[in-house]
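Remarks on the structure that follows.
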Amino acid sequence: MGSSMTRGDIENLATDFYGLLESFKHAPLYHISFEIFLVLAVIWLVVFRKPRPIEKKLTEKEKQDLIDEWQPEPLVPSVDPNHPALNVRVLDGIVGKTVEIDGKKSLNFATFNFLNFVGNQRIADKAIQAVQKYGVGSCGPRGFYGTIDIHLELEERLARFFQCEEGIIYSYGFSTIASIIPAYSKRNDILFVDEGVHYAIQKGVEASRSHVKWFRHNDINDLERLLAEQEVLDKKIPKKARSIRRFLIIEGLYVNYGDICPLPRMVELKYKYKYRIFMDESVSFGTIGQAGRGVTEYYSIDRQKIDLISSTLEYAAGSIGGFAVGSSFVVDHQRLSAQGYCFSASLPPLLAAAAIEALNIMEEDNTLLFETIMEKSKRLHKKLLSIKGYIISGDEISPLKHIRLTHAFNTIGRLEEIVQFAQTRDITITVARYLNDEHLLPEPSIRLILNVEMTDEELEFLCAVLQEALVKVTT
Amino acid sequence: MVASSLQAGHVTTVHRHLTSKFHSNEEMGQTVFPLIDENLKKKNYKIGIENNNDDENLQHEEFEETPLYAAILTYLSYAILCLFGWLRDFLRQSHIETKRGAVDPNASLAFVPLYQSYESFYTRNMYTRVRDIFNRPIASVPGAQFELTERVSDDYNWTYRYTGKTISAINLGSYNYLGFAEKTGPCATNAINSIKTFGVANCNTRTEIGTQRYHVELEQLLADFLHVESSIAFGMGFATNSLNLPVLASKGDLILSDEMNHVSLILGIRLSGASYQTFAHNDMKDLEKKLRAAIVHGHPRTNRPWKKIIIVVEGIYSMEGSICRLPELIELKKKYKAYLYMDEAHSIGAMGKHGRGIVDYFGADTNDVDILMGTFTKSFASAGGYIAGKKSLIDYIRMNSHANTYASSMPAPVVQQIISSLRLLQGPEGKKRIYQLADNTRYFRQKLVDMGFIVYGNKNSPVVPMLIYMPARVTRFNREMLRRGIAVVTVGFPATKLLDARVRFCISAAHTRQMLDNALISIDEVGTEISLRYSTRHKSRRLREL
């Protein structure tokens, strides 16, 4: 019925509509504005408002239930009683060229006293004198009457030995480099670190919260690549880059690998890319170089070019503690900001006295001791290479070598068997122990350490026993 | 500072110490029923001394509020120091004054500067001026009386010159609580014999060829002494905390640590990767609130429940002199199934009837504290630290500890000193020393408080911090005391809060009553000269009036 709208209807509609408009004109202002507001509110509700999530408010009873239900894990997981750390060999007596285990003496190729200073009569006498003058402990940190004049003497002697301006000593070898790195490198700085550094350096790097760039072990090309990449990034943010410090953290002689770092090239790159070098010479102090001054002497590099050399007194020097030497500008900062120095008790004076006497012996001797140890290391290296079935890693002048079995064979179980066999033949060697959370866990190995007073026959004996052990293990 | 809150259900006697202005004949210790004194209410003293019936004054601690004028003057002092610092820096920059101190050898080669200029602002302009009161070298055993090497500076502490003479002084600074720092006697003789038998060091780690017979002996003896199943010892106290907390806690755990904890604990907590929150110092209500919130809500973002919760506290806090509230901690820990780690660096040997530390002091059960940690540097006059607890815990630490696997084992003379002093401690000699220490502590603290100085902490703790507030007074106090032959330790910012610079006395069993009296006479004199009697709770008196 189509348009049943007659003319009259349209007229009515128009009149009604006109009437509506008229009423708008007469309506009060507040009425109109209220209506407009309502319309807008409806539009907003429909288009813009998102549904709000319902807030979770717990009642007291629910909270108490949660507290009652919560079960924590046990404090420590269960422990395997056969773990090697729980079944160590117990020594009895001086750890020198020989050690005594269960009443039997055996040749010692496992401990780090390269120069055989442990048990040295002169050092023991000086230590005894120190106890008679100072007692055993120092009873305080360096800032609060824990500084004993013998500490100052040791620091001065170390600085003189290394021909640097200033030295600083710590009471624990592990804490030395682990406190030094966070004292200089903060959150925004960049650390270029070799992958093969030892655990204490890794902890120092972690504690510093800086950006870390690991480069492949002793691979100078990888380091250059990282440096070049960083330079490109720097060009994009030149202002910020001017306040980012850069450090290169390396070791002189790597404990985990036995090889020496390529220092000359690293020093060249230092002046090109403007980073500072912190070198840890724990193993190379007292063993490498004509006078035992480490890798810088070996390469004849000016020691002033290395910003900080840190080392430990626990290896060649036969005492306890660690130290760092360098220019006064760099070293003095640690006296207020290295945590292991400021907040920890100082080194017991008898250990400082032992270290001073060790330095005396090293300086008096001048070159004979160090020539001998380098010579014997080379000889040992040659002898070890002649045993078939072992892979020897380490430089030939390094007194610390790692021995592994050929690839498929190399497991900790077999290495432990070799060690046990050697013990029955009165040779003490050890498998190198690591924790599982190392940055780059090295392959299992036996760490052989040369004592400078080992004779040729004893080295021969060692090789013979290793040969026998190999036969026993691989059959 | 608020000492503690009042617990419901215990009879609480509030000691109101009225000032001498209102009641001139008031003596300390009288119980005054809480009269509503209009003036007192206006001043709003925060006094919260808890007197728990069960513990009979074991937890009595006082932390008097900083007087307003002292606070203002201290801020003013630092402001003036900063102004002068900027002035001097400006003079140095414009070459009117010569720059002193070491120079960067790489400075001219466009290397990024090694230190921020604001870091070294403090060192150059404030620390160096007063540097002579720190790092004083000694030339003898750090016993009750010792010899300080005399050093003079001709250029305002930039460099020193040693005159070759020594100054004899009474030692109120070294941590020698039981007086075992001796160069003669059974401990020293045994240490010397052990050098002859075992040499000075071992050059290897415990897990390889570094464990000697004496390590096993020490750990056994220590476990017996503390009444625990097993213990493990390390060569450095700082490292014991920082290298073993990562073994116990990891990502997904929550650590609640007291706000005044030592740097080594904080470093260990950071390295462990666990989340951590701090609670107000010794405030058990705050701790309970945080524990409840932690268990109910879990991890803040993911709401996953925490794997475990560890509460980390210290036995005696070395800067505050306060003692942790062990009975309440054990209650909380049991209620919320958390674990408790107690660092007894200062309290082992020094507290408790038998010298076993805070657990002994409160008479609690050692099994309730999950992880007992302590150091050998303080009461045993040696070096190193230990952790003690159940055998499963110690075995796990042995397997995974960074210090056990990578750090050299403890040397023979150090271990022998600990063994000798432990043995002495368990005999009559030990009882004599413990009693002497407690007696000295109470005497010294009482006299200081009676003279009108502000002293923080528990009345039985041998660490006695006395507040000085202003940096200049701190320095002057230290130098004046040394002139009178008393060596003290003064600490300021940043080791303490900016306002609370203080002098910290460490009482020893080796101090005789005569030495303490000499010290008190000097403190009395210097305190009057510099006006250090800040206390409004206790009347200011001269020593001769006591």
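Every number in this text was worked out from the coordinates using simple rules, so none of it is lab data. Worth saying up front: this structure is predicted, and the values here are computed from it rather than measured. Neighbour counts run over all protein chains shown; Cβ positions are idealised from the backbone, glycine included.
For this structure, a couple of remarks:
- Taking every DSSP beta bridge that has both ends in the protein assembly as shown, the antiparallel portion is near 60%.
- What the Cβ-Cβ distance of B:R292 and B:S250 gives, at R0 = 30 Å and to the nearest 0.05, is a FRET efficiency of 0.80.
- Stokes-Einstein D for the range B:184-426, Kirkwood Rh over Cα pairs, 10 °C, 1.306 mPa s (µm²/s): 86 µm²/s
- For the range A:401-415, Karplus couplings with θ = phi - 60° (6.51, -1.76, 1.60), whole Hz, Gly/Pro x: 10, 10, 10, 10, 7, 5, 2, 5, 7, 6, 10, 5, x, 5, 5
- Proxy reagent accessibility, fewest Cβ within 10 Å first, across B:H281, B:H297, A:H402, B:H95: B:H95, B:H297, B:H281, A:H402
- Phi angles of the range A:238-252 translate, via the Karplus equation with coefficients 6.51, -1.76, 1.60 and θ = phi - 60°, into HN-Hα couplings of x, 5, 5, 5, 6, 10, 9, 7, 10, 9, 10, 10, 9, 10, x Hz per residue; Gly and Pro are given as x.
- For the range B:184-426, share of DSSP beta bridges that run antiparallel, in % to the nearest 5: 40 percent
- Taking a straight Cα-Cα cut-off under 12 Å and skipping sequence neighbours fewer than 8 places away in the same chain, the aspartates and glutamates within cross-link reach of B:K99 are B:D89.
- Here the extension length gained between A:K305 and A:V42 equals 87.1 nm, from 0.36 nm per residue of separation less the Cα-Cα distance.
- Close amide H pairs (under 5 Å, H built 1.01 Å from N) link A:E251 with A:D280, residues at least 5 positions away or on another chain.
- Taking the DSSP beta bridges with both ends in the range A:121-363, the antiparallel portion is around 40 percent.
- The label-point distance for B:A495 and B:K432, in a model that sets each label 7 Å from Cα toward Cβ, rounds to 3.3 nm.
- At q = 0.06, 0.07 Å⁻¹ the log10 of I(q)/I(0) for chain B amounts to -0.33, -0.45, computed by Debye summation with a single uniform scatterer per C-alpha, solvent ignored.
- Qualifying trypsin sites (Lys or Arg not before Pro) for the range A:359-407 [loop in DSSP, other Cβ within 10 Å: at most 11]: A:K388
- Each residue, B:K335 and A:D65, gets one label point 7 Å from its Cα in the Cβ direction; the gap between the two is 2.1 nm.
- Length gained when the stretch B:L91-B:D517 is fully extended (0.36 nm per residue, less Cα-Cα span): 148.6 nm
- Remark: spin-label model distance A:R49-A:Q163 equals 8.4 nm, labels positioned 7 Å along the Cα→Cβ axis.
- With helices as the sole contributors, the protein assembly as shown gives -12500 deg cm²/dmol at 222 nm; each DSSP H run of n ≥ 4 counts as -39500 (n - 2.57), and the sum is divided by every residue.
- Remark on A:G167: its backbone amide H falls under 5 Å from those of A:A159, a criterion applied only to residues 5 or more positions apart or on other chains, H modelled at 1.01 Å from N.
- Amide H within-cut-off set for B:Y339, under 5 Å, with H built and near neighbours excluded: B:I309, B:I310, B:I311
- Length-normalised contact order for chain B - Cα pairs under 8 Å, 6+ apart - percent: 18 percent
- Pairs beyond 24 Å (Cα-Cα), from B:K307/B:K378; B:K333/B:K459; B:K308/B:K335; A:K61/B:K335; A:K104/B:K196; B:K289/B:K334: B:K307/B:K378; B:K333/B:K459
- Compactness of the range B:70-146, taken as the C-alpha radius of gyration over 2.2 N^0.38 Å, stands at 1.52.
- In plain terms, the chain from A:E73 to A:D9 could stretch by 14.6 nm, reckoned as 0.36 nm per residue minus the Cα-Cα distance.
- Residue-wise HN-Hα couplings along the range B:381-394, as the Karplus relation 6.51 cos²θ - 1.76 cosθ + 1.60 with θ = phi - 60° gives them from phi, are 6, 9, 8, x, x, 8, 10, 10, x, 6, 5, 4, 5, 5 Hz; Gly and Pro carry x.
- Comparing Cα centroids, the range B:453-513 and the range B:364-412 end up 30 angstrom apart.
- Cα gyration tensor, chain A - rounded (a/c under 1.5), prolate or oblate: prolate
- Once the Cβ-Cβ distance of A:D456 and A:T411 is raised to the sixth power relative to R0 = 35 Å, the FRET efficiency obtained is 0.65.
- Shape category assigned to the protein assembly as shown from the gyration tensor of Cα positions, a/c cut at 1.5: oblate
- Shape category assigned to the range A:246-350 from the gyration tensor of Cα positions, a/c cut at 1.5: oblate
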